[in-house]
1. Give the relative contact order (percent, whole number) for chain A; include only Cα pairs under 8 Å separated by 6+ residues.
2. Could you rank the peptides A:84-90, D:91-97, A:450-456 by their average count of other C-beta atoms within 10 Å per residue, with the highest value first?
3. Using the alpha-carbon atoms, what tilt in degrees (0 to 90, nearest 10) does helix A:111-130 show relative to the longest principal axis of chain A?
4. Please list the equivalent ellipsoid semi-axes of the stretch C:282-496, computed as the square roots of five times the alpha-carbon gyration tensor eigenvalues, in descending order and whole angstrom.
5. Return the calculated 222 nm mean residue ellipticity for chain B, to the nearest 500 deg cm²/dmol, obtained by summing -39500 (n - 2.57) across DSSP H runs with n ≥ 4 and dividing by the residue count.
6. To the nearest 0.05, what FRET efficiency results for residue A:412 and residue A:286 with a Förster distance of 30 Å applied to their C-beta separation?
7. Averaged across the residues of C:167-179, what count of C-beta atoms belonging to other chains lies within 10 Å of each residue's C-beta?
8. Given contacts defined as C-alpha pairs under 8 Å and at least six residues apart, what's the relative contact order of the stretch B:3-122, whole-number percent?
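Each value in this text was obtained by applying a stated rule to the coordinates, not by laboratory testing. Predicted, not measured: the structure shown is a model, and the values here were computed from it. Positions of Cβ are generated from backbone atoms using ideal geometry, with glycine treated the same way; all protein chains shown enter the neighbour counts.
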């Protein structure tokens, strides 16, 4: 029990303490910030250790029931492979982004509030990963939306407010589609506690005659979680909300929070409905179409976009839809590719946003066209950025290649008419587009061109607090690409279990 | 249509009155007329009760020279209910009238629509 | 016979005495007397609840020397005791929280009159909860109406008096229909006591005799009570009444008065006409349709509203729609959900009204959203309380609102005929709720440079305490719902 | 619309209660917030005038006319629908005056046959409402009480406001000291009082009782006020007396009824003798309760009148 509860409660407690304790404790110019950072860092590290500890436990079969929300519906936790993987990725990203933000938020206001909610959000996400049934998942999902609000609103400018409202309303709309599904499902399941079970828990005898209703429900729930994952019809909030937050915050928002949507889709499709119920239905086809649409549209918009962070946000839209596409194939390979890609994308996108943060923090330039010669000014940053973009584009041996390979393989295996070939083609096109919108920054950064006067260049390399996380992430992104086997096998074991 | 409509002409009249009073209370704009409608409605109910209490050929339930046979007297319960009802309607009427007076003092009209349009203008 | 069995009667009579004596007292004394009476009533109701739980069966108490079909009777079971306890608790909290506003808004000569109204309102609520006799119910419904009207108009502005007038008109329509229904029922059964009417109605329903008058009667009673408790098409008086009366009145009206009528309707469904008969006649479908309509329309007009108190008032139109929808679904589970929603809505709505008044104080007394911007920082406790209430309304887990929505949905999926409309409307109205409540929460937490001063929590200790109690109540209903639901089910089983 | 009105206009004005016999001549003083801001008052007046020009001018505003027509039609249809439903119901109800009706059952039988022995009241109805169904009647008395409280909230003006505002002269709109009225009142009022007291005291042996007797008493007091004015009335009946009588009566009533409930419910025999039926001093609790209710009702009636008339007792 404690194994699962501690990683959830510890950061939440720390965060609440931070929020409650009065402003003046941290008012002093230097020592105050130090105290704050140390407190936050200890919380992050401790929780990270706790989460990593779960990696070495074997999956617990039984479910820890915390208490009963109503007579039928318990709030319960359990530990399984997917949960482990996501939790670990989240912890890594969170820790590194946290370290980065110790430097970044130096000039921000209301740091205390920022770190408080940062920690609480961490705990909530852990809860999301360990949630044992749909109700618990929904609870933490809503909490996540609410707690991530302050991070989006942090700047407290008018745009921030508008973006926050947009974010809130989209998320609630999605959440209520899920709630609708929750209401409907509770009747058709083997045990009406809505507990996740690998391969689906629908009771075929009860389902008899209600297929259409259930299909609609499934579609609604996928769409609802798709909102968080920025799937096509409901993606507009993402590109508004992510760039507006402070860079580390948008790194975790865009790297991790969107993955919560992905996790939700996985739970719904593979752990509640089961693939054999959905495979070959209109739901699957619509879902595939939407995902592919999003992939194309996202990368094109990113290609056209000039603002650095906004461009990254658009690329998030397209990349997460890779994952959704992989899940929609309902093939072992596709599943593996999707989960792999979500791991890699979390790391990569976090790193990209951190880079953006570092650049903006040092130079204050938000627009891509102003980045000429920036590589000369902050080489380490831009070098890591280069490696990471290679990884995202999917150039072997960097990590992105592996996941995209699995995705394409899954698409071909699935043999769904049309998609089997359209899928890989579109992936390829969007990969090219990715190259198109990421590499020019590096190129212009290092090779500003003849007419560029090198005189007014000065060293702007940020401090170690910023560069170290970047480098670590870059190294991770490459290494995971070189030695993916352990991870890949773990995931394919899960895939075998759920299909 | 049932068989007893003609024999129950008293109740029929009561019901017609009830309908009239009800729709006056609901649809009239003029507060005084609303109150009149309310009184009509209540009176209709008393008439209904009185009709229900009545039994052909019997007298009011006040025991005369110790004769306590049921065959002599009508059903006392509806009379009691009518008493209660009258008292209630008296108090409610007084309350409505005083409300009307206050509204009239403030807005110089007893037309509820006009009053609400004025309230719209008044803001607050 | 155990001495506790006297407590229902005592609590009713005690409240009436309080009212009578307050009319001869000054404002302060009346206030203290009222507080004392409320506390005593709460304790008594708790005793009744405990006693009925312990014995496991309800008891009837003969008012006078004459037994069942001849004299008046009152009856107490688990549900009655629980409701009485809950009502008195909510009333205590609302009164304490709204005390300062009361002193500002009511002119001191008439303060004691206000407490007369409160006492008699409580007495009538208790009587409605406990009564076992339809005509007694009618008399106390009238008391309830008049005292509620007094609560509305104690703060004398044009709005409140107009609202009181509209309220009286609607309630008079309702009580007219109710009384006519009772008379016709008496004519068909020859009884006024609930058990006897129930027995006779069962016989009539089997023999099929008087079928049409029976249906008409059920219709009149249901519609009459629906009118009185501001079901959707009859809600025109509600926003003004709740939006402009003094805050304790608003809280009490929205959370208790309409609930009293609804509880009476519940008793009539179970103990007078009988569950099967009333659902055999399709009368409750009317309630169902109107409930659904109310859920949507109420939220829509709440979104349009630009005044926070009126917005909350409109949202309670929607919530009453939920309750009637539950009745209309016509299954035991749905009724349980409705009763639970009565509790959760009472807790949440009074919390919202009072915290909103706190926010309004922090914004220079203006109820417009534009002035409320950032008031969450100026009056912290009120801001937190309002957010909790809003989240509960929106249906976040851990709060009471989510549980009642869940119960409604579970009830709906068991009733295959009405499942889809219910679920769809439930989802739509939840989204609408989210839109306007979240808008408000964001607005009150949007920091601005405002000229209004910050109100420290210390200045309003009582207010803060009451807020905390309300929040605790809300969370309790959200977490320990299982216990509450068990209580409700035992109570309903005692009804039948 | 200053020029001569057509019959149609007159009719419509009458129908909507538009014409306002005495705009400025309300006997009761105006309300505080109405006085304070003179400017807004003028604004209301202006807007009201405009509205009368534009909105409520049925002749020219087609929309309003159509709306009102449809409204009226809707009202009539609703009324007819309701009446027809109720008539349908009535046509199936048991026949009037038929001894075999379900409502002439053991309940009423016991009331009539054992009423005398149970309650000691010859008047079965009085016995029923004051002894069998005492709880209803208690509630009903409280309805009256709370109604007066509400009217007080609305119309009560404190004494100094009364005197300063010159409204203490409440007979401004009536002939001063009407000679005929006073002479007749001198004769009638005592008779009315005596009759009222008689009805009150004989509630349990003859038709009548507390409510009717109290109403008669109240009528007598109203007549007295009309004839001689409030100054003379207040000599023997002012606010304190009113409060004492009202609260006293209600409290004693409450105590008696609670005693009755408690004793009855717990099966203890209450020690109030029923006396010999037909005598004035009989029927146990019914006689005192009748007297108390009578006092209460008389006070209420008078209070309604006084409050409507001049906003104070």
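1. Values: 837 pairs, mean separation 74.8, N = 499.
For chain A, the relative contact order is 15 percent.
2. In descending order of packing, they fall as A:84-90, D:91-97, A:450-456.
3. Roughly 30 degrees, rounded to the nearest 10.
4. Values: eigenvalues 220, 74, 29 Å².
In descending order, the three semi-axes are 33, 19, 12 Å.
5. Values: 4 runs with 85 residues, N = 124.
Per the formula, -24000 deg cm²/dmol.
6. On the way: r = 21 Å, r/R0 = 0.70.
Between residue A:412 and residue A:286 the formula returns 0.90.
7. On the way: counts 1, 8, 11, 2, 1, 14, 8, 0, 6, 11, 4, 0, 10.
Average neighbour count from other chains, rounded to a whole number: 6.
8. On the way: 114 pairs, mean separation 28.8, N = 120.
Computed value for the stretch B:3-122: 24 percent relative contact order.
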